[in-house]
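Student: First the structure, which I've put down as C-alpha cells, then a few questions once you've had a look.
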C-alpha cells in the first residue's frame with residue numbers, strides 16, 4: 001500500500017465512544033494494525049498501539065522512575081504510532097515530540113494526537129536517532145522504549161539534545177549470562193559505563209528480563225488467546241498458531257539467557 005493510500009485510511013479514523021482514551025485509540029487502529037498496515041510481525045500486531053513489552057504498564061513505570069512532570073519536554077525516539085507519547089501527554093500534561101524513520105508511523109501518530117485533542121502537546125516528525133534534527137539541550141527528557149540500537153552514536157545524540165540536569169529514560173535489549181561473543185548487544189553494565197563516560201549520573205539501572213517475561217510475552221500470549229477468534233478471522237488460524245509459538249519461543253530464549261531487557265534512568269550532569 002502506498003503512503004497516499006494509507007494516509008487516506010488514517011484520515012477516515014474516528015475515535016469510538018466509551019472507555020479510557022488509550023482503549024478507544026486501540027479499538028480505532030486495530031483493523032489497520034491487524035491488516036499489517038504498519039508492521040506485519042506477530043509482536044507488533046498483538047502489541048497494537050504500544051510496540052514494546054509491557055505496554056501501558058511499562059510506560060507508566062518508566063515515567064514514574066524518570067519523574068515526568070508537566071514542565072517537561074520529552075523526546076520519544078522511535079515513537080512508532082505515538083502510544084507512549086499520548087499516554088505521557090494525557091497523564092502528565094507534558095510536551096512530547098516523537099520521531100521515527102517511517103512516514104507511515106508519523107502520519108498515524110499525528111492523526112491520533114489530533115483526534116485525542118492533544119496536538120498542542122504531542123507532535124511527531126520524521127527523524128534519525130544518529131542525527132537528531134534538534135538543537136543542543138532542547139529536551140528535558142530523552143525517552144526510548146525497546147528501540148535502542150547498540151550504537152554509541154545514539155547515546156551521543158541523546159546526550160547532545162538533553163538539557164543540563166535533564167534525564168534519559170530507556171528500556172532496551174541486553175546481552176545476558178550466555179553471551180554470544182559475536183552479539184552486537186551490550187550488557188547492562190556496558191550501557192551504564194557508556195553513560196557515565198558521557199557525563200551522566202545513573203539513577204536507576206535494572207535487568208527487567210523476568211518482569212518482561214511476565215508482563216510482556218506472557219501478557220501478549222494471553223491477549224492473543226482472549227481475542228483468538230478476531231485474529232483468526234483476519235489473519236487465519238495458522239497465523240495465530242505461529243504467533244503463540246513465537247511468543248513462547250522468546251520466553252524460552254530469555255530464560256536460557258540468550259537475551260534480556262534492561263531499564264535505565266540517568267541524569268545529565
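Student: Would you please give the FRET efficiency between residue 11 and residue 44, computed as 1/(1 + (r/R0)^6) with r the Cβ-Cβ distance and R0 = 25 Å, to the nearest 0.05?
Tutor: The formula returns an efficiency of 0.70 here.
Student: With label points built 7 Å along Cα→Cβ from the Cα atoms of residue 69 and residue 152, find their separation and express it in nm.
Tutor: 3.5
Student: Only bridges whose two residues both fall in the chain count here: according to DSSP, what percent of them are antiparallel, nearest 5?
Tutor: About 45 percent, rounded to the nearest 5.
Student: Still on this structure, please answer the following. Above 26 angstrom, tally the Cα pairs of segment 1-158 and express them as a % of all pairs, no decimals.
Tutor: I get 21 percent for the Cα pairs in segment 1-158 exceeding 26 Å.
Student: Shifting gears a bit: Run through every distinct alpha carbon pair of segment 95-141 and return the Kirkwood hydrodynamic radius in angstroms, one decimal place. Intermediate values should be presented prior to the final figure.
Tutor: Working: mean 1/r = 0.0884 Å⁻¹.
This gives a value of 11.3 Å.
Student: Between segment 8-47 and segment 129-175, what's the alpha-carbon centroid distance in Å?
Tutor: 28
Student: Tell me, what is the FRET efficiency for residue 61 and residue 23 to the nearest 0.05, using R0 = 25 angstrom and their Cβ-Cβ distance as r?
Tutor: Rounded to the nearest 0.05, the efficiency is 0.85.
Student: Related question: List the residues of segment 154-178 whose backbone N lies under 12 Å from a point placed 7 Å from the Cα of residue 134 along the Cα-to-Cβ direction.
Tutor: Only 157-164, 166-169 fall inside the zone, counting backbone N under 12 Å.
Student: Find how much the distance from residue 223 to residue 242 grows on full extension, using 0.36 nm per residue of separation minus their present alpha carbon separation; answer in nm with one decimal.
Tutor: 5.4 nm
Student: Okay, moving on. Between residue 252 and residue 189, what is the FRET efficiency for a Förster distance of 30 Å, r being their Cβ-Cβ separation, to the nearest 0.05?
Tutor: 0.75
Student: Full-extension gain between residue 165 and residue 35, please, as 0.36 nm times their residue separation minus the C-alpha to C-alpha distance.
Tutor: Stretched out fully, the residue 165 to residue 35 stretch lengthens by 42.5 nm.
Since every read-out is calculated from the coordinates, none of them should be taken as a lab result. It should be emphasised that the depicted structure is a prediction, and the values quoted were computed from it without experimental measurement. As a convention, Cβ positions derive from the backbone with ideal geometry for all residues, glycine included, and neighbour counts pool all protein chains shown.
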